[in-house]
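Just below is one structure, and these are the notes that go with it.
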Amino acid sequence: MRQIRTDSTRRYECAHLICAYLLAKKTIRAVVTSQDIALFFHLSRKSSRSISAMLNFLYTNRIRDTRFGFYILGTSPFRKCDYPHHYTIELIDEARGLL
């Protein structure tokens, strides 16, 4: 499957959705798929792909930047086909203050 490329503004929008998801669930750490986040906000399947592309970008490049509001601790395949992934996501300290 071909990976969708997301631009920087879309990455920040996706990061905001992920932080909002964790804050709405009142949790610091969660194991989720991009589809879980898209379904929570009633978004389209295309949005789920954008969220997945952003999470893959952050995980493969090992980016732990405070401007995203969270970081990815790890990932595991959901099924044998290795897609979609479960991501273990944790809020950073600044975002935890919003709980």
Any hit, the range 44-52, residues being over 13 Å from the mean Cα position of the chain (by Cα) and modelled with pLDDT under 85: yes
Filtered residues of the range 68-81 (kept if out of contact with any helix residue (DSSP H, G or I) (no Cβ under 8 Å at 6 or more places or on another chain) and either at pLDDT 85 or above or exposed (fewer than 11 other Cβ atoms within 10 Å of the Cβ) (or both)): Leu73, Gly74, Ser76, Arg79, Lys80, Cys81
Matching residues in the range 31-57 - criterion: being assigned to a helix (DSSP H, G or I), of a type in the set (A, V, I, L, M) and more than 10 Å from Ile18 (Cβ to Cβ): Ala38, Leu39, Ala53
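The values are calculated or read from the model by the stated rules, or taken from the named source; none is laboratory data. Not measured: the values here are computed from a predicted model. Methodologically, a virtual Cβ is constructed for each residue, glycine included, from the backbone with ideal geometry; neighbour enumeration extends over all protein chains shown.
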